1. Going by amide H atoms built from the backbone, whose H comes under 5 Å of the H on TRP61, apart from near neighbours?
2. Hey, what do the phi angles of the stretch 53-63 turn into as Karplus ³J(HN,Hα) couplings, whole Hz, using 6.51/-1.76/1.60 and θ = phi - 60°, x for Gly and Pro?
3. Considering only C-alpha atoms, what is the centroid distance from the stretch 31-68 to the stretch 71-113, in Å?
4. For the stretch 35-140, what is the charge dipole size about the Cα centre, in debye to the nearest 20, if Lys and Arg each add +1 at the Cβ and Asp and Glu each add -1 at the Cβ?
5. Testing the spin-label approximation: label points 7 Å from Cα along Cα→Cβ at CYS34 and THR97. State their distance in nm.
6. Using +1 at the Cβ of each Lys and Arg and -1 at the Cβ of each Asp and Glu in the stretch 43-105, identify which of GLY103, GLY92, THR77 lies farthest towards the dipole's positive end.
7. How much length is gained on full extension from THR75 to SER44, taking 0.36 nm per residue of separation minus their Cα-Cα distance?
8. Scan around PHE52 for amide H atoms under 5 Å from its own, H built in the peptide plane at 1.01 Å from N, and keep only partners 5 or more places away or cross-chain.
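Read-outs throughout are calculated quantities, based only on the coordinates presented, and are distinct from any laboratory measurement. This structure is a prediction, so every number in the text was calculated from the model and none was measured. Cβ sites come from the backbone with ideal geometry, for glycine too, and all protein chains shown count toward neighbours.
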Amino acid sequence: MTRGEKTDERSSCLSRRKFLGATVGAGIGGLSGCLTLNPNVSVSGLADSQIFEKVSVSDSWASGRVVASVSLTPTATTESGVRDLTVISSSGTEFDTAAVRSGQTKKSIFLPVGKSTLTAVDFDGKTVESVEVTVRGNKLL
């Protein structure tokens, strides 16, 4: 190996290191303030609900949003006619929506970290019931 080949190899390693360092730095910067560890959910209005039985999360971390499992009462889709679940963020915009079939009692949907409203909607597009949902956890960065 000549001296010139060693210099080329060394500069190649340095550029790789710079690239990896920049990538990690950009990734951490992009997640800054958005990474939540051990997210948990609390629901206001669940005890009096005729539609919602339980809302839970099982992910160990969240980056701005988390997958929630929503359990519906046995009569939510049959007698009350629920056909969609919609999540409205605290800013008032639609965050996620999911179709529900007749007889279905569980559905997964995205919830934002923070406060939001989970709404059950019937086949006519009318709100059947809403509950307030808050996703919290340990914020990282």
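1. Result for TRP61 returns ASN38.
2. Values, residue by residue: 9, 7, 10, 9, 10, 10, 5, 8, 8, 9, 10 Hz.
3. 14
4. 360
5. Roughly 2.4 nm, to one decimal.
6. After comparing all options, I get GLY103.
7. Between THR75 and SER44, full extension yields 9.1 nm more.
8. Here the answer is THR73, since their amide H atoms fall under 5 Å of that of PHE52.
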